[in-house]
Amino acid sequence: MVTLEDAFQLLKKLSDSFGPSAHEEEVRQIIIEELEKTCDKVMVDRWGNVYGIRNGKTDNKLMIAAHMDEIGLIIDKIEKNGFLRFRPIGGWTEQALISQRVVIRNIKGEKIIGVIGVRPPHATPPGEERKLPEIKDMYIDVGARSREEVEEMGIRPGCVAVLERYLTRLGKKLVTGKALDNRAGVAAMLLALKMLEREEPYMTIYAVATVQEEIGLRGAGIAAEKVNPTLAIALDTTIALDVPGVPEREHTIKLGAGPAIKVMDGGRLGMFIAHRAVREFLIEVAESEKIPYQLEILLGGTTDATAIAFRREGIPAGGIAIPTRYVHSSVETLDLEDLLNTAKLLSRSMIRAGPELIEKIRDVIVK
Ligand SMILES: [Zn+2]
């Protein structure tokens, strides 16, 4: 039995850890230790994707992909007076960054606290109170008085940072913190493997924690080439807009209404439509196992499924997403019940993916 508290503890460990894109070492170590408990083999590739392999009855491969990186910042300049300038790693808004605390990793691997300063209202010219500086004009204050002092702290251009934020409970079943996108997906994948217990799946499971999703779905593509799976399911968070100020028309995904099975995403940025056999399979599993679910039609953003689907000779891919509010901010919020139901849906799908599903997605000779 996996409880809400188990889910919270695991998610907290993952969410609190450091891992901006291309700097996933710390979070990767936690994932490796977890995968070792449930998998027959664990490996890491040259870019740092982690593969947990759980043997099935056959060599057919079911790949699960959940990205482990988080959005972050990269220092690009140290001013003479000791302030740091930075650029975004991944999709930030100015609102989400201003007046936050950050953790910078220095060249020795130590963590250094900084703050992104904000101009006080007392000293803001009238009419400019609502104006936000652009990210390139923001700065991090690490408490140094000069460039030399910053260098003594082991900080150089190229050092990376994430928000300083630790997961905490919110109300009865919600949690809030940073990097739930996509440590929640990783947690669901790890919990799903745990839920398998002694059951042997028909397909061999490749549970992959991917790197560099936030800067262009980089890791998942390599993993897809390497594994060459029969089919793939990507796990990520999705945008819940069930909050004040958003018109009812846009409340398509809600917290607490269950995992979201992907229909499509990407919108005008280049649509991804999930493979219909995969989508229908996931719906069938949810319905017969009585797991609540919603359907995801997301108009912005995409997931590792897009990077996997069109590799090799085409890999039928779909996705399951965990509804999350305030994505890409320091107060990302989700419902632990949704997380557990996502893990359950994934775990049951691992068991039920069998010959019938494979038959639906294979190449067909017509003549
Ligand atoms: Zn993201």
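Looking only at segment 299-331, residues that are within 14 Å of the chain's Cα centre (by Cα), surrounded by fewer than 24 Cβ atoms within 10 Å (Cβ to Cβ) and among the charged types (D, E, K, R) come to 1 in all.
If you go through segment 54-85 and keep only what is more than 16 Å from the ligand (Cβ to nearest atom), more than 17 Å from Lys41 (Cβ to Cβ) and assigned to a strand (DSSP E or B), you end up with Ile74, Ile75, Asp76, Lys77, Ile78, Phe83, Leu84, Arg85.
Scanning segment 259-271 for residues that are modelled with pLDDT of 95 or more and either crowded, with 21+ Cβ neighbours inside 10 Å or within 16 Å of the ligand (Cβ to nearest atom) (or both) yields Pro259, Ala260, Ile261, Lys262.
Considered as a group, the residues in segment 86-110 that are assigned to a helix (DSSP H, G or I) and of a type in the set (A, V, I, L, M, F, W, C) include one that is farthest from the ligand (Cβ to nearest atom), and that residue is Leu97. Where helices (runs of 4 or more DSSP H) fall wholly inside segment 257-367, the ranges with 1 or more residues that are within 20 Å of Leu193 (Cβ to Cβ) and of a type in the set (Gly, Ala, Ser) are 276-288, 304-309, 336-352. Remark: pairs (first residue in segment 107-130, in the same structural domain as Glu151 (by TED's automatic domain parsing) and farther than 30 Å from Pro157 by Cα; second residue of a type in the set (Phe, Trp, Tyr) and assigned to a loop (DSSP other than H, G, I, E, B); Cβ separation under 9 Å; 6+ apart in sequence or on different chains) are absent.
Residues in segment 309-327 include at least one that is within 16 Å of the ligand (Cβ to nearest atom) and more than 20 Å from Lys173 (Cβ to Cβ). With respect to the conditions (1) away from the ligand (no atom under 16 Å from the Cβ); (2) of a type in the set (Asp, Glu); (3) crowded, with 18+ Cβ neighbours inside 10 Å, Glu296 falls short on a single one, namely (1).
Each row is one residue, and each column tells you yes or no for (1) within 22 Å of Gly258 (Cβ to Cβ); (2) over 28 Å from the mean Cα position of the chain (by Cα); (3) in a loop (DSSP other than H, G, I, E, B).
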| position | (1), (2), (3) |
| --- | --- |
| Gly127 | no, yes, yes |
| Gly154 | no, yes, yes |
| Val162 | no, no, no |
| Gly185 | yes, no, no |
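The values are calculated or read from the model by the stated rules, or taken from the named source; none is laboratory data. What you are looking at is a predicted structure, and each value in this text was computed from that prediction instead of being measured. Heads up, the Cβs are rebuilt from the backbone with ideal geometry, glycines too, and the neighbour counts pull from every protein chain shown.
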